[in-house]
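Remarks on the structure that follows.
The values are calculated or read from the model by the stated rules, or taken from the named source; none is laboratory data. Quick caveat: nothing in here was measured; it's all calculated off a predicted structure. Note: ideal-geometry Cβ built from the backbone for every residue, glycine included; neighbour counts use all protein chains shown.
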Amino acid sequence: MTTSVPEIFGRVREDGNISVLYREDGVAVTTLDVDGVYPVDSEFGTRYEHPGGIVLTPADAARIGLVVGEEEGEGCEQRTCDSCGKLAPPKEYAEAHGWFLDTVLTVTDDGRTVVETETRCPVCW
């Protein structure tokens, strides 16, 4: 089965690259329905099976619109309102109910990956 971008999210690894995981259960994605994207250290595109999971550079993750660090669960940050500290609900519910959620993935000149988030509840926004 080939996976599409809305079913997945990314998690920044210690080396700065992005692990691609399923939103539903956090399991590593092994194929991805995207043309012209090659996992780190692979000569085969994401449409081919990658049994160890797909890991992308920050630039490739940003290029395909991969949401980084959005899911709850081990190793992921749960968002709270930046002003009042109220715990944010899951992204789809939050956006439908007036929350402002934004994730910016930036690759600096020295090659570091910076993930910045801004979250505001309906009262503070």
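Below, the figures for the structure above:
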| item | result |
| --- | --- |
| Pairs with Cβ under 7 Å, 6+ apart, first in segment 22-43 and on the phi > 0 side of the Ramachandran plot, second in a loop (DSSP other than H, G, I, E, B) and loosely packed, with under 15 Cβ neighbours inside 10 Å | Gly26/Gly73 |
| Odd one out for Asp41, checked against (1) at pLDDT below 90; (2) of a type in the set (D, E, K, R); (3) part of a loop (DSSP other than H, G, I, E, B) | (1) |
| Candidate set from segment 66-95 (those that are touching a helix residue (DSSP H, G or I) at 6+ places or on another chain (Cβ under 9 Å) and at pLDDT below 80); member that is nearest to Ile18 (Cα to Cα) | Val68 |
| Scope segment 26-64; condition more than 27 Å from Asp110 (Cα to Cα) and of a type in the set (Asp, Glu); matching residues | Asp33, Asp35, Glu49 |
| Flag if Val104 is at pLDDT 75 or above and under 28 Å from Leu32 (Cβ atoms) | no |
| Extreme residue, farthest from Asp60 (Cα to Cα), among residues of segment 1-26 that are β-branched (Val, Ile, Thr) and modelled with pLDDT of 85 or more | Val20 |
| Residue in segment 57-65 that is touching a helix residue (DSSP H, G or I) at 6+ places or on another chain (Cβ under 9 Å), of a type in the set (A, V, I, L, M) and at pLDDT 85 or above present | no |
